[in-house]
Amino acid sequence: MSSQNIWVLYELSGDTPKRVSLELTQKAHELAAARGEKAAAVIIGENPEEAAKAAFANGADCVIAVKQKTCFEAEAYIMAQLIGKYQPKLVMVPSTPQGRDTAAAISVRCGVGIAVDCTDIRIEGEQIVWERPSYDGRLYAQIRLETDPQIGTLRAGVFKMKEAAKDGAEGEIIYETVDVPASVILTQFLGFRPDADLEKTNIEDADIIVAGGLGFGSKEEFDKLYELAALLGGNVGASRAAVDQGWVSKERQIGITGKTITPKLYIGFGISGAVPHVNGMKNSDVIIAVNSDPNAPIFKHTHYGIVGDLHVIVPALIEKFKEIRG
């Protein structure tokens, strides 16, 4: 395998790849195809074959599979061995709690630099440029690492997910066996307990987001968004101001200091349009804003804007969609 390959380290939920892994695969395919290189998915798990199907459907040219139950310390050790053998050009890792831990451990084991929590990546000539926000999203830092291979973590939602273009696609699966010394494994996995409330706040995966800001004035008024979101088949997001008021959990915050989303439809109610929030939703397919201030900055970024009272418009929308749904 060429040392010019671009790798994506997969993160799994059971045997299913998380959406962010597929987003990064599509980006890896784009970068690799432009340079005549290959995009490879690295899948470590007990049953990697199902995840491999999703990888091929989203643009992976090949899959490196290690059939093994693992924890992040073992995963970092395995990755270090694979990197030493294949010498990839760069390794993209999801910027999740697990991904950040694993990427940092890989960086230490391989003795290379790391770019963390990035929102973009591009290749200029032979130089890889990682980009991440700073100063609350008002500036973007460009990071150039001097060590190879390059490793970086990338946020979920920063690359718009395209429909899987190659459903049923197949490719080469390279099976590797890596013996992990017992001294490496410091964590013991005892079991998994799903958090239903946390799953509901996985707004990165939603096709429709209705988001609320300070304009609601109270938690009771903000809570009306949940009914509207349910009628639309979407989910609820929020501005930082709404989170700071305690109306909604941090897991629903959209923006540079929260989550980046790219839904098919974003509707913002009572959100002024501060730069950090806009940077977290500006790549939505269709953006609609409702605000009583005709000069609100959010209107500069919308496809459709409504100047009006959200306390009138939200209940009206709820009643209208109830009527449509019968």
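What length, rounded to one decimal in nm, is gained on full extension from E176 through to R144, with 0.36 nm per residue of separation minus their alpha-carbon distance?
The span from E176 to R144 would gain 8.4 nm if fully extended.
Take the Cβ atoms of S13 and E319, set R0 to 45 Å, and the FRET efficiency comes out at 0.75. Each Lys and Arg adds +1 at its Cβ and each Asp and Glu adds -1 at its Cβ; summed about the Cα centre, the chain shows a dipole of about 480 debye. Backbone N atoms of the stretch 280-294 closer than 12 Å to the 7 Å Cα→Cβ label point of Y304 belong to residues 286-290. Reported to the nearest whole Å, the Cα centre-to-centre distance from the stretch 1-69 to the stretch 143-159 is 16. Per-residue extension of 0.36 nm, minus the Cα-Cα distance of D293 and K200, leaves a gain of 30.4 nm for this segment. Among the trypsin sites (Lys or Arg not before Pro) within the stretch 20-111, those in coil by DSSP and having at most 16 neighbouring Cβ atoms inside 10 Å are R35, K69.
Under the 0.36 nm per residue contour assumption, what length would be gained going from the current alpha-carbon distance of E126 and Q98 to full extension?
Details: separation 28, 0.36 × 28 = 10.08 nm, distance 2.96 nm.
Stretched out fully, the E126 to Q98 stretch lengthens by 7.1 nm.
Taken along the Cα-to-beta-carbon direction at a fixed 7 Å, the label points for N47 and S134 span 4.6 nm.
What is the magnitude of the charge dipole of the stretch 50-203 about its Cα centre, with +1 placed on the Cβ of each Lys and Arg, -1 on the Cβ of each Asp and Glu, and no other charges, expressed in debye to the nearest 20?
160
Between the alpha-carbon centres of the stretch 217-231 and the stretch 273-326 there is a gap of 14 Å.
Electrostatic bookkeeping for P315 treats Lys and Arg as +1 and Asp and Glu as -1; over the other residues with beta carbon under 12 Å from its beta carbon, the sum is -1. Nonpolar atom fraction for the stretch 15-81, defined as the carbon and sulfur part of the 1.4 Å probe accessible area, stands at 45 percent. When both bridge partners sit in the chain, DSSP labels roughly 20% of those beta bridges antiparallel. Each of S292, W130, L145 was scored by the projection of its Cα onto the charge dipole of the chain, and the greatest displacement toward the positive side belongs to S292; charges sit on the C-beta of Lys, Arg, Asp and Glu.
The values are calculated or read from the model by the stated rules, or taken from the named source; none is laboratory data. Only a predicted model underlies this, so the values are computations on that prediction, with no experimental measurement involved. Virtual Cβ from ideal backbone geometry, glycine too; neighbours counted across all protein chains shown. Please note that ligands, DNA and RNA were not included when accessible areas were found on the heavy atoms of the full protein model with its side chains. Shrake-Rupley method; radii C 1.70, N 1.55, O 1.52, S 1.80 Å.
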